Amino acid sequence: MDIMAQRILDKADELWRKAGRPKGGPDRFAAAARAAIRTAEARYDKALAESFPASDPPASGVFTSTMAEPPEAGPAQATELQERSRARRRR
C-alpha cells in the first residue's frame, strides 16, 4: 500500500470515529478523507510558497556573489599570483 492510500485510510478512520462510529465503517468516509487531505496539502503548499524566499539576509562570502567587491589580496596571495604569472611566461 502506498503512503497516500494509508493516509486516506487513517483519515477516514479518524473521521468515522469522530462521527460516533456509524454503521458502514470508515470506508464511507474515504471521499471526505481525500478532500480533507487535499485541502490540508493546498494550505501547506500556499504557506510554503508565501514563505519563500526566506526572511534571513543573504550570506556573503567567497562562495556567494553578494559581495560588492572581491577582497583585496594579501601578501601571500600576491606572491602566489606573481609566481603563477612567471610560470606562465616560461612556457
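Can you pull the percent of Cα pairs in the stretch 3-50 with separation above 14 Å? Before the final figure, lay out the partial values.
Details: 582 of 1128 pairs.
Beyond 14 Å sits 52 percent of the P(r) for the stretch 3-50.
Here the gap between Lys46 and Lys18, fully extended at 0.36 nm per residue and compared with their Cα-Cα distance, gives a gain of 7.3 nm.
Throughout, read-outs are computed from the coordinates displayed, never taken from laboratory work. These numbers were taken from a predicted model, which means no experiment stands behind them.
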